[in-house]
């Protein structure tokens, strides 16, 4: 069964296609925006007699409404080598589950959905331009799941904005964010004009339930470097502490830009993401999968 979650945007959309979100365009919607003189908005069907009687200048008043509209929804997916990590599940498979849910949720909301997969470049074979098609999420999910030979960096994320709509859009940036802070700064800069929702995708096996004692061969999937470590309780604590510190660092960096990240730890649960948008900041920060 395809999961579905609900989202919202804190601004008025600029599109013309009818949809779910509050818009800037006037029309026959249901969102009351105030009154206007009858001569400016000659629609006697919206005449407000009481407002007209209260006007000290004795001007006939009509009600103004805003048309609800749709907004482009994008998934920018990091498919670099680190996302191929497999613990309880492969990160790319969890990302594919999220892509399926996002595409279906956008369809149900009436928004066009697009997907841009990047590693060291934009993966043209996994590029979906915004569409209202019901199956777009399924296509994106299958393409992400089938990614092979991922690049060893996420530099392509800097070029994802070139494929976004010129109108302000809702952009989900899904990544483990295991890349330099300088790259993160660049990504935030090129996506600044859009409503950004970072999806920090980690697997508990990266830092929990490590062997208590013994040799372990570790590999950096991005660089391919390998290193043999003698795992011991103190080192396990340092690894867990490093992830905790990285989480706090990411949260602070995003919040400095007025952005709230969603930490997807383990399996994706649609209800947790709905809580992120609707249940308030405290509940959202603890809504871990």
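Bear in mind that the values in this text are calculations on the coordinates, not laboratory data. Source: prediction; values computed, not measured.
The structure-derived value of semi-axes √(5λ) of the Cα gyration tensor in Å appears in the list (i) 33, 20, 17; (ii) 45, 20, 16; (iii) 27, 24, 19 under the label (ii).
Rounded, prolate or oblate, given the Cα gyration tensor of the stretch 1-154, with a/c below 1.5 counting as rounded?
Values: a/c = 4.01, a/b = 3.59, b/c = 1.12.
Verdict is prolate for the stretch 1-154.
In the stretch 73-285, the DSSP beta bridges split such that about 35 percent are antiparallel, to the nearest 5. Give me the percent relative contact order of the stretch 26-66, please, defined on Cα pairs under 8 angstrom at least 6 residues apart. Once divided by the residue count of the stretch 26-66, the mean separation gives 60 percent.
With runs of 4+ DSSP H residues as the only contributors, calculate the mean residue ellipticity of the chain at 222 nm using -39,500 (n - 2.57) per run, divided by the residue total and rounded to the nearest 500. Don't jump to the answer; show the numbers that get you there.
Numbers: 7 runs with 83 residues, N = 289.
-9000 deg cm²/dmol, from helical runs alone.
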